[in-house]
Each structure stands twice: as structure tokens, then as C-alpha cells.
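Worksheet for the structure shown next.
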Amino acid sequence: MRHLTPAQLATGLKSMLDFSGRDANSAWGSPWVIGWMGLILVVLAVNATMIALAFATNPGLVIEDYYERGRQVERTLATRRAEAPGWTMSLDTPADISKGRATTVRFHVVDGVGQPVRPERVTYYAYRPSDASADFSQPMIEEAPGRYAVEVNFAMAGLWDTLVAAEIDGQEVVFDQRIGVASH
């Protein structure tokens, strides 16, 4: 058995650890630098993928005159608040709504003293924020004074904006609610 001197042991150990063939003092020889550069490249690749997907799946729901439309909506809401008849409205939507399954939604409306209101027409609207082609509306049927119902079937899972419009004497009063539709 042959014994090595400490200098020979250090030289042998250094040659074993420097297997890359690069200068040991170079920053590119450090696994930390290589790891950080790899991490940066992964983050850039993920960002590029997300940007490409955003352009490829754009639903195109942005309108040209968005500012003027927003101002018009604000004026309309302020006018409706000023003309509001003082009704109390509620929308009874089941919590377990599923895609493709018929669900009954009920709407209740009473006046300021708690008496049922009988609008001339009540309509249920459902809007899909990400896909306008899935939007629909249906008239609601009066079950009792101040209580209306409609059976709806949502074609897609996800978030929906729902709105009930009650019309009386040419004035429309609306009540809105955001719901989630399950996929199963």
C-alpha cells in the first residue's frame, strides 16, 4: 500500500473536482451561476408562453368606445337610482348549479312597506363574461304575487353574471348577481 503526501492528496483531489475542463476560477464553472441562469431561462420561457396564449385565446370583448360607454352606464345607473321605486328584491339561486342540468331560479320583489309587487314583465338574463355567444335570456313566470320563477340550463361551467329586469309602467328595475356553475 502506497502512502500519499498531503500535497499529492490535494493535487489529486483538485483534479478530481475539476472534471469540467474549465478554469476553476471562472464564474461559469460554479453550479450556483449555472443554476441561476437556468432559473432565469425557465422564467422567461414561461412568460413568453403566457404572452403567446393571451394573444391566441383573446375573446375580443373589448369595445372601441369603452370610455364613452362607461360614462353612459354611470349616467344610467345614477338616473335609475334617483328614479328607483324603493323595492326590495332578492334572487334565490341554488348553490349547486351544474353545467347542462336544469335549475329553477326564483325572484322575489316587494315594495317599501313589504307588499308584493306585480311588474308587467320580468326577464332573467345570463351573461358569460368570457364568451358572449353563450349569453341567454328567458321570461320569468309568476308563481305568486311578487314571486317569479324560471328554469334555466347553463351550457358552460364557470362564472356567470345574472340579471333580472322587472318592468312596470315603462320603467325597468334591475337586480344582478354573479354565480358559479360547476362542471359536474
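Read-outs throughout are calculated quantities, based only on the coordinates presented, and are distinct from any laboratory measurement. Values in this document were obtained by computation on a predicted structure and should not be read as measured data. Because the Cβ atoms are built from the backbone with ideal geometry, glycine has one as well, and the counts that use them run over all protein chains shown.
Kirkwood Rh, segment 86-181, all Cα pairs: how many Å?
On the way: mean 1/r = 0.0730 Å⁻¹.
Taking the inverse mean of 1/r over all distinct Cα pairs, segment 86-181 comes out at 13.7 Å.
Using r as the Cβ-Cβ distance of ILE141 and ARG101, and R0 as 25 Å, what FRET efficiency do you calculate, to the nearest 0.05? Walk me through the numbers before you get to the answer.
Details: r = 19 Å, r/R0 = 0.78.
Efficiency at R0 = 25 Å is approximately 0.80.
Have a look at ALA27, ALA95, ALA144 and tell me which one the Gaussian network model of the chain (Cα, springs below 10 Å) gives the largest fluctuation.
ALA27
For GLU143, what residues show an amide H to amide H distance below 5 Å, using hydrogens built from the backbone and excluding near sequence neighbours?
TYR148, ALA149
Given the rule -39500 (n - 2.57) for each run of at least 4 DSSP H residues, summed and divided by the residues of the chain, what is its mean residue ellipticity at 222 nm, to the nearest 500 deg cm²/dmol? All intermediate terms of the calculation are to be shown ahead of the outcome.
Working: 3 runs with 56 residues, N = 184.
That calculation yields -10500 deg cm²/dmol at 222 nm.
Please list the non-local residues whose amide H lies under 5 Å from the amide H of SER98, H modeled 1.01 Å from N, same-chain partners needing a gap of 5 or more.
ALA182
When N counts the residues of the chain, how does its alpha-carbon radius of gyration compare numerically with 2.2 N^0.38 Å, as a ratio? Can you show the working numbers first?
Numbers: Rg = 32.6 Å, N = 184, 2.2 N^0.38 = 16.0 Å.
After normalising by residue count via 2.2 N^0.38 Å, the value is 2.05.
Show me the helices of the chain, taken as full DSSP H stretches, that run 20 Å or more along their long axis by Cα and average -0.5 or above in Kyte-Doolittle hydropathy. If you can, show how the numbers build up before the last one.
On the way: long enough: 31-56 (37 Å, 2.03); 66-83 (25 Å, -1.63).
Flagged H segments are 31-56.
Arranged by the count of other C-beta atoms within 10 angstrom, fewest first, what order do SER26, SER90 take?
Least to most surrounded, the residues fall as SER26, SER90.
With each pseudo-label sitting 7 Å past Cα toward Cβ, what's the GLN171-HIS184 distance in nm, one decimal?
The two pseudo-label positions are separated by 4.7 nm.
Can you give the longest run of the chain that contains no GluC sites (Glu not before Pro) sitting in a DSSP loop with at most 11 other Cβ atoms inside 10 Å?
Values: sites that count: GLU64, GLU120.
With a cap of 11 other Cβ atoms within 10 Å, the longest stretch comes to 121-184.
Given H placed 1.01 Å from N in the peptide plane, which residues other than close sequence neighbours of ASP135 have an amide H under 5 Å from its amide H?
The answer is ARG128.
Please list 3J(HN,Hα) in residue order for segment 171-178, calculated via the Karplus relation 6.51 cos²θ - 1.76 cosθ + 1.60 where θ = phi - 60°; whole Hz, with x for glycine and proline.
Along segment 171-178, the couplings run 9, 9, 10, 10, 9, 10, 7, 9 Hz.
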